[in-house]
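Every number here is computed from the coordinates shown, using simple stated rules; none is lab data. Values in this document were obtained by computation on a predicted structure and should not be read as measured data. Note that each Cβ is placed from the backbone with ideal geometry, even for glycine, and that neighbours are counted across all protein chains shown.
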Amino acid sequence: RHIPDPIRDQVLVRAGFQCQYEHKGRRCASRTGLEIDHIQPHGRNGSDDIDNLRALCRSHNLWFAERHYGCQFIRDKIDATRTARSASTAT
């Protein structure tokens with residue numbers, strides 16, 4: 001889901017350009033490949049409001065997606081996206 005650049009920038013600044021995943025009081029140290037994640041998933045009526053967005057590294061964003069939607073659903077979505085991209089570059 002596309003988040004407009006001004007909103008994305010605000011989320012990244014608020015996060016200090018670091019993944020916001022925390023576990024047992026420790027925060028993920030990743031500062032590369034950050035993605036904008038919906039805390040309440042968009043597919044489950046989560047809004048695009050900045051208060052519902054956070055910065056996560058690719059691994060933690062995928063982990064949360066699998067928790068909310070299931071591993072198979074996410075794998076199917078990834079495969080469909082890859083197939084669509086391959087088809088569009090082949091033409």
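Assorted remarks:
- Residues that are outside any helix (DSSP H, G or I), closer than 16 Å to His2 by Cα and under 14 Å from the mean Cα position of the chain (by Cα), drawn from the range 48-84: Asp48, Leu53, Arg54, Ala55, Leu56
- Test: Leu53 is surrounded by 14 or more Cβ atoms within 10 Å (Cβ to Cβ), of a type in the set (A, V, I, L, M) and in contact with a Leu (Cβ under 7 Å, 6 or more places away or on another chain): no
- Of all residues in the range 1-46, those satisfying the criterion of being polar (S, T, N, Q) and either assigned to a helix (DSSP H, G or I) or in contact with a strand residue (DSSP E or B) (Cβ under 8 Å, 6 or more places away or on another chain) (or both) are Gln10, Gln18, Gln20.
- Per-region count, the range 6-38, residues more than 15 Å from Ser59 (Cα to Cα), surrounded by 12 or more Cβ atoms within 10 Å (Cβ to Cβ) and β-branched (Val, Ile, Thr): 2
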